[in-house]
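Notes to accompany the following structure.
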Amino acid sequence: MEFNTKLLHGRAVKKYADGATLPQISQVSAFQYDSAREQDEVFHHKAAGYAYSRVANPTVAAFEQRINEMEGGNAAIACSSGMFAITLSLLNMLCAGDEIVAGGGLYGGSIDLLEDLTKFDITTRYAAHMTPEEIEPLINDRTRVIYGEVISNPSLEVTDIRAVADLAHAHGLVFIADSTTATPFLINPIALGADIVVHSTTKYINGSGNSIGGVIIDSARFPWDFDKYRALDGYRNFGKLAYTVRLRTDIWENMGGCMAPMTAFLNVIGLETLGLRMERICDNAARLAEALNELPDVTVNHPSLPDSPGHELAKKQFGGRGGGILTFRVGSKERAYAVIDHLRYAVRATSLGDTRTLVIHPESTLYIRSTDDQRRIAGVYDDLIRVSVGIEDAQDLIEDFTEAVSAAG
Ligand SMILES: *Cc1c(COP(=O)(O)O)cnc(C)c1O
């Protein structure tokens, strides 16, 4: 089955109750049973069924099964936000004293989270670029996880997933990839060796900018060394499933970061058109990048452009597509603001992966809590504009942006 067919007819797409073509929105907190014995069996996982929506919910399960199939995982666990998915993907396997090695150019919120974790004595070493050469010297005997994004943003570097996975595994380390900006349309990190994938579903998976959510997908392939990953020690009997089992029955359930049923329903609808939207978005982004690149006084970055840092790896891993985000530098912060203010169609808003084109000045918004050093590694400059390209007609977008650049002087 090809990508778009699988979205609509894959194994995870069920015939739902009453023959419904979509899962019902089980907007409830609890599920009732006819007898105490029945309830006992559900609570002891001896009978199929649901008890309480923080623990499991049919609408959420329907979404988890679909995204899990699209990523080629063994299990998916949906969370209240992308940030909570990232938080739990790490905390599920880490103890105080453990270290993370992270690629530079992380999402601003992720940098802030890793800073928060230092208060729990979980520290992070940053590689300026997510390459084996830069990661390897940062690994020591306290390192437990390599964490990085498939396409960094706004620096738009592309990670060589197989190379980083091979390096991680050579050191007995787990590799978590945040694939929010790439989506399963461009890449399945698990197929290339990543052990765990996280997404902010808020972005391309939901696709219409109507709800916050996240998901963790476990390949269940990592051979956990339980003396090294002490957080998973109580789950030895589950072998390679230890990570999923601890997450599902312990930390995710106890920390209470479940996805809302309504959000799961909206994500199921969104996911069905992921291929269609991504195809259009990637084409639009490449055409807009090319048009902006013609202008004399702007510097454009999009992996479809030959001089973009992500170009070669985008060709190798994404079949030449460059994703939906592009950035351009216009010479000064004042000019960047003027360009942004002149745009007619592009919406001045945070977030990305929406149907409509979104534009933001990252330095004065997303990275206000970062240090100069973190901003430099992330590729954030005061004259840089980030565009999350939408599904509008390319010609209108090109006109909108070229007119705004010339109007800005
Ligand atoms: C938006 C985003 C997040 C955070 O997701 P939320 O749903 O906003 O919590 C994490 N990683 C990346 C790459 C993102 O773009």
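Checking each residue of region 2-13 against the condition of being at pLDDT 95 or above, touching a Cys at 6+ places or on another chain (Cβ under 8 Å) and of a type outside the set (K, R) gives no match. Assess whether A291 counts as being free of Cβ contacts under 8 Å to residues at least 40 places away in the same chain, more than 19 Å from the chain's Cα centre (by Cα) and within 15 Å of E392 (Cβ to Cβ). When the stated conditions are applied, A291 does not pass them.
Assess whether V164 counts as being touching an Asp or Glu at 6+ places or on another chain (Cβ under 7 Å) and among the aliphatic types (A, V, I, L, M). Spelling it out, it is not the case that V164 is touching an Asp or Glu at 6+ places or on another chain (Cβ under 7 Å) and among the aliphatic types (A, V, I, L, M). Here L288, L266 are screened, and the one residue that is open to solvent by less than 10 Å² (accessible area, probe 1.4 Å) and either assigned by TED's automatic domain parsing to the domain that holds T59 or more than 16 Å from the ligand (Cβ to nearest atom) (or both) is L288.
Conditions tested, residue by residue: (1) over 23 Å from the mean Cα position of the chain (by Cα); (2) open to solvent by 50 Å² or more (accessible area, probe 1.4 Å).
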site: R329; (1), (2): yes, yes
site: L352; (1), (2): no, no
site: R356; (1), (2): no, yes
site: T365; (1), (2): no, yes
site: Q374; (1), (2): no, no
site: A378; (1), (2): no, no
site: V389; (1), (2): no, no
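As for region 75-82, it holds at least one residue that is within 16 Å of the ligand (Cβ to nearest atom) and open to solvent by 10 Å² or more (accessible area, probe 1.4 Å). Applying the condition of being of a type outside the set (A, V, I, L, M) and within 16 Å of the ligand (Cβ to nearest atom) to region 109-125 and asking which residue is surrounded by the fewest Cβ atoms within 10 Å (Cβ to Cβ) yields D116. For region 197-229, filtering for residues that are within 16 Å of the ligand (Cβ to nearest atom) and either of a type in the set (A, V, I, L, M) or not assigned by TED's automatic domain parsing to the domain that holds Y107 (or both) leaves 7. With respect to (1) more than 14 Å from the ligand (Cβ to nearest atom); (2) surrounded by fewer than 20 Cβ atoms within 10 Å (Cβ to Cβ); (3) in a loop (DSSP other than H, G, I, E, B), the lone exception for D341 is condition (3). With respect to (1) part of a helix (DSSP H, G or I); (2) more than 16 Å from the ligand (Cβ to nearest atom); (3) in contact (Cβ under 8 Å) with a residue 12 or more places away in the chain, the lone exception for T249 is condition (3).
Here the helices (runs of 4 or more DSSP H) wholly within region 1-92 that include at least 2 residues being closer than 25 Å to G209 by Cα are 3-9, 58-71, 82-91. Across region 188-210, the number of residues qualifying as on the phi > 0 side of the Ramachandran plot and open to solvent by 20 Å² or more (accessible area, probe 1.4 Å) comes to 1. For region 391-401, name all the residues that are closer than 14 Å to L292 by Cα and either open to solvent by 40 Å² or more (accessible area, probe 1.4 Å) or at pLDDT below 95 (or both). Selection gives Q395, D396, E399.
For region 232-242, check the following and say yes or no: at least one residue is more than 19 Å from A61 (Cβ to Cβ), open to solvent by 20 Å² or more (accessible area, probe 1.4 Å), in a helix (DSSP H, G or I) and hydroxyl-bearing (S, T, Y). Yes, region 232-242 contains at least one residue that is more than 19 Å from A61 (Cβ to Cβ), open to solvent by 20 Å² or more (accessible area, probe 1.4 Å), in a helix (DSSP H, G or I) and hydroxyl-bearing (S, T, Y). For region 155-187, a tally of residues being open to solvent by 10 Å² or more (accessible area, probe 1.4 Å) and either at positive phi or among the aromatic types (F, W, Y) (or both) returns 2. Restricting region 141-154 to residues that are assigned to a loop (DSSP other than H, G, I, E, B) and surrounded by fewer than 23 Cβ atoms within 10 Å (Cβ to Cβ), the residue that is nearest to the ligand (Cβ to nearest atom) is R142. Every residue in region 112-140 that is among the β-branched types (V, I, T) and not in a strand (DSSP E or B), please. Passing the criteria: T118, I122, T131, I135, I139.
The values are calculated or read from the model by the stated rules, or taken from the named source; none is laboratory data. Source: prediction; values computed, not measured. Backbone-built Cβ (ideal geometry, glycine too); neighbour counts: all protein chains shown. Accessible surface areas use protein heavy atoms only, side chains included; no ligands, DNA or RNA. Shrake-Rupley method; radii C 1.70, N 1.55, O 1.52, S 1.80 Å.
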